[in-house]
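The values are calculated or read from the model by the stated rules, or taken from the named source; none is laboratory data. Quick caveat: nothing in here was measured; it's all calculated off a predicted structure. Quick reminder, even Gly has a Cβ in these numbers, built from the backbone with ideal geometry, and neighbours come from all protein chains shown. Only protein heavy atoms, including side chains, enter the accessible area calculation; ligands, DNA and RNA are left aside. Shrake-Rupley method; radii C 1.70, N 1.55, O 1.52, S 1.80 Å.
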Amino acid sequence: MFRHKGKNRTFAHDLRLATLLSFVAGLVNITGVLALKTLTTNVTGHFAFFAEEIMRHDYATAFTFFIFTIFFLMGSFISSFLEELVAQKNSEFSHIIPITLEMLILIGVGFLGYQSSIFTFEGKLTAFFMLLAMGIQNSLVTNISKSTVRTTHLTGLFTDLGIELSQLFFYKKPEEVKKLKTSIFLRLSIITFFFIGCFSGGIIYQFLEIKTLFIAAFCLLIAQWYDFLRLKFHLIKRKTFHK
């Protein structure tokens, strides 16, 4: 699901990528809401809060919301930079460092993060790193799928879904309808697994609290190993048939 790019990438690859990582995003999202009372998977709302605090002349709080957006941006930049750097030597493994970094951040926050208000130093630091991790994931998924899949927020997904549902009334050619239905199914899958991640994360949080992020990191580890084992199987199969 991570290695295949361009013409080699299929709908099945995008679907596996979308469902697993949207589930991870849902887990992180609900953990941030319950632990910090703020969103930690996207920055859309933080711009509104930033503007609100500027109007109130509370510049210290406004600065906090501004830094939230910067950490998400940093995550996106770091992820893409590392992908491009590794891709120069071996494009098949360009995803490994970004996704490993995301796992390490989530594990670190799970161990050292605080359940606190974002207006405390500890709460801010926890939110910063959760946003950094989600910036890494969003950039990684976007690059791999060529913007077909987004997993950390749903605003654009619901917009695209609404557009495509309306197009069902007008597109009549079989190939167009098939392509449209495939895209709708992918978007519904992302939305569904994001919700499942939020719902199950809310239940798990009652027992693990901020350590719920360990589950998210474990899901990423499974995804990496799944992709690695499929690569090994493919290489063994290729060698066997070429003998």
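Residue-level check: of (1) surrounded by fewer than 21 Cβ atoms within 10 Å (Cβ to Cβ); (2) over 18 Å from residue 148 (Cβ atoms); (3) not charged (D, E, K, R), residue 15 misses just (2). Do we find that residue 126 is closer than 22 Å to residue 48 by Cβ and either part of a helix (DSSP H, G or I) or touching a residue at least 40 places away in the same chain (Cβ under 8 Å) (or both) in this structure? For residue 126, the condition - closer than 22 Å to residue 48 by Cβ and either part of a helix (DSSP H, G or I) or touching a residue at least 40 places away in the same chain (Cβ under 8 Å) (or both) - is met. Scanning segment 161-178 for residues that are surrounded by 14 or more Cβ atoms within 10 Å (Cβ to Cβ) and either part of a helix (DSSP H, G or I) or modelled with pLDDT of 95 or more (or both) returns 161, 164, 167.
Of all the listed residues (82, 132, 104), the sole one being part of a helix (DSSP H, G or I), in contact with a Pro (Cβ under 6 Å, 6 or more places away or on another chain) and of a type in the set (A, V, I, L, M, F, W, C) is 82.
Residue 136 - would you say it is crowded, with 16+ Cβ neighbours inside 10 Å and modelled with pLDDT under 90?
Values: crowded, with 16+ Cβ neighbours inside 10 Å: yes; modelled with pLDDT under 90: no.
The answer is no for residue 136.
The lone criterion from (1) assigned to a helix (DSSP H, G or I); (2) β-branched (Val, Ile, Thr); (3) in contact with a helix residue (DSSP H, G or I) (Cβ under 7 Å, 6 or more places away or on another chain) left unmet by residue 70 is number (3).
Test residue 23 against the stated conditions and say whether it is open to solvent by less than 60 Å² (accessible area, probe 1.4 Å) and in a helix (DSSP H, G or I). So that I can check it myself, show each step before the final result.
Working: open to solvent by less than 60 Å² (accessible area, probe 1.4 Å): yes; in a helix (DSSP H, G or I): yes.
Spelling it out, residue 23 is indeed open to solvent by less than 60 Å² (accessible area, probe 1.4 Å) and in a helix (DSSP H, G or I).
If you filter segment 96-122 down to residues that are of a type in the set (Gly, Ala, Ser) and modelled with pLDDT under 95, you find that the one that is surrounded by the most Cβ atoms within 10 Å (Cβ to Cβ) is 113. Whether a residue is open to solvent by less than 70 Å² (accessible area, probe 1.4 Å), modelled with pLDDT under 95, closer than 25 Å to residue 218 by Cα and not in a helix (DSSP H, G or I) was assessed, and residue 40 passes this test. Checked against the criterion of being more than 18 Å from the chain's Cα centre (by Cα) and over 19 Å from residue 11 (Cβ atoms), the candidates 209, 175 yield just one match: 209.
If you take the residues of segment 150-160 that are open to solvent by 30 Å² or more (accessible area, probe 1.4 Å) and of a type outside the set (A, V, I, L, M, F, W, C), which of them is farthest from residue 45 (Cα to Cα)? My answer is 160. For the residues 189, 147, the requirement of being open to solvent by 50 Å² or more (accessible area, probe 1.4 Å), within 19 Å of residue 15 (Cβ to Cβ) and of a type in the set (Gly, Ala, Ser) singles out 147. The lone criterion from (1) touching a Leu at 6+ places or on another chain (Cβ under 9 Å); (2) without any contact (Cβ under 8 Å) to a residue 12 or more places away in the chain left unmet by residue 209 is number (2). Within segment 28-37, being over 14 Å from residue 153 (Cβ atoms) and either part of a helix (DSSP H, G or I) or touching a strand residue (DSSP E or B) at 6+ places or on another chain (Cβ under 7 Å) (or both) holds for 31, 34, 35, 36.
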